[in-house]
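So the structure is just underneath, and the comments pick up after that.
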Amino acid sequence: MVKLAVVGLGKMGLSHHAIINAHPRVSVDAVCDGTGYLLDVLNKYTGVRTFTDYETMLREVPLDAVLIATPSSIHADMVRMALGKGLHVFCEKPFDITGGGEDLAALAREKGLVNQVGYHYRFVGAFQEVKRLLDAGAIGEVSHVLAEAYGPVVLKPMGSSWRTLRAEGGGCLYDYAAHPINLLNWYFGSPEAVGGTVLNSIFSRETDDEVFSTLFFGDGKSAQVSVNWSDESYRKMSTKITIWGTAGRIYADRQECQIYLRDGAKLPPGCQTGWNVRYTTELTEPVWFYMRGEEYSAQLDYFVRCIEDKRTDNVNSFENATVTDKVMAMMVEDAARGPVLPSGERLAPAPKRRKRFLFG
């Protein structure tokens, strides 16, 4: 059995706890959070040991791994401490908004510890199918990509939370846009440059609610990122990828993967010229526990199997997540510089819109 602790009992932490607690080869031996009543409830109904102090938990409980789902700004310190104790680490995204992810990846690699970041879209069947098609060269040479995510997260002025503070959670860019950006990194690696980045506030006081940018890759392909978490026309988060190539086009979202193949395209097994559609239901392996989507269980099972098999070449490793962190940092810098005028000068970025009725 893998002896594991869950750290942070917010929305994602509680979801992860419910899933990993049901895993047949995992024993959740401790939880850590600053909210007393949550700890009391978990201790009363599950008997798990509870802690409000992370260091005390690491010192007193024999563990194999920790699952960290705390506010983003404190990920790095907690990860470093766990690695120092020789523990395998699953950390929620974004990995490290403080910019020290490379050091943590190197430390995990040096110690031979399994390390994974919670970019769960890599475990969605339709997005995995995109990866397979690209690796097979199905649509030829890729020229352009559109990566989108929309959803109803911030729909009115409200008090601040750690997710909507740039220094704590990173706002729409780090909390929402990170997902499609991470898919782009999985498919195409790291871009050489970014341009035209807009980080715009709609309702939030201290951070962005919509993100637009263009990523430029070394082989000439480009990718546009379009993300808005203040879009109530969507019932829940909707992430989409559209990829154009010399031999066709791929479109994928959570539900399906569509591929159009031109005459003369290299046909993957089961595909024909013209339109082909595969649904997530036929692309997804069954999981032992369903909550929110199979991908959440699949990513945690993958983490457990990597520990059991002593595999540190994780598909969602710290090293991979650091690439996404770097891209987002590039976008922040690009937005701060502002657009270029015909004269070559920089136009100062537009000031954040101030609303007298904002509060908190």
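Every number in this text was worked out from the coordinates using simple rules, so none of it is lab data. Predicted model, so just to flag it, every value in this text is computed and none were measured. Positions of Cβ are backbone-derived with ideal geometry, glycine not excepted, and every protein chain shown enters the neighbour counts.
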Return the percentage of antiparallel bridges among DSSP beta bridges fully within the chain, rounded to the nearest 5 %. 60 percent
Pick from LYS44, LYS85, LYS111: which is most flexible by mean-square fluctuation in a GNM of the chain where alpha carbon atoms under 10 Å apart are linked? LYS44
Using R₀ = 56 Å, calculate the FRET efficiency as 1/(1 + (r/R₀)^6) where r is the Cβ-Cβ separation of SER343 and ASP263; round to 0.05. 0.70
Going Cα to Cα from LYS266, which aspartates and glutamates come in below 14 Å? Please leave out same-chain ones fewer than 8 positions away. ASP135, GLU141
Among the lysines, which fall within straight-line cross-link reach of LYS156, defined as a Cα-Cα distance under 23 Å, with same-chain neighbours fewer than 8 residues apart omitted? LYS11, LYS236, LYS352, LYS355
Once you've got the GNM for the chain with C-alpha springs shorter than 10 Å, pick whichever of ALA65, ALA247, ALA149 has the biggest mean-square fluctuation. ALA247
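Report the gain in length on full extension from GLU55 to LYS236: 0.36 nm times residue separation, minus Cα-Cα distance, nm rounded to one decimal. Can you show the working numbers first?
Numbers: separation 181, 0.36 × 181 = 65.16 nm, distance 3.63 nm.
Separation in residues times 0.36 nm, less the Cα-Cα distance, equals 61.5 nm.
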Segments 249-259, 4-14 sorted - mean Cβ within 10 Å per residue, highest first: 4-14, 249-259
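Within a 10 angstrom radius of the beta carbon, how do ARG205, ARG122, ARG235 rank from fewest other beta carbons to most?
On the way: ARG205 18, ARG122 21, ARG235 8.
With the fewest neighbours first, ARG205, ARG122, ARG235 line up as ARG235, ARG205, ARG122.
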For a quick check: sort TRP186, TRP275 by the number of other beta carbons within 10 angstrom, fewest at the front. TRP275, TRP186
Give me the net charge for the shell around HIS144: Cβ to Cβ below 14 angstrom, other residues only, Lys and Arg +1, Asp and Glu -1. -1
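Can you bin the range 43-102 into rounded, prolate or oblate? Criterion: square roots of the alpha carbon gyration tensor eigenvalues sorted a ≥ b ≥ c, rounded for a/c under 1.5, prolate for a/b above b/c, oblate for the rest.
Numbers: a/c = 2.29, a/b = 1.67, b/c = 1.37.
Note, shape of the range 43-102 comes out prolate.
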ALA193-ARG249 pseudo-label distance in nm [points 7 Å out on the Cα-to-Cβ vector]: 2.8 nm
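Given a Förster radius of 25 Å and the C-beta distance between TYR279 and ALA136 as r, what FRET efficiency does 1/(1 + (r/R0)^6) yield to the nearest 0.05? Please list the in-between numbers first.
On the way: r = 19 Å, r/R0 = 0.77.
Efficiency computed from Cβ-Cβ geometry: 0.85.
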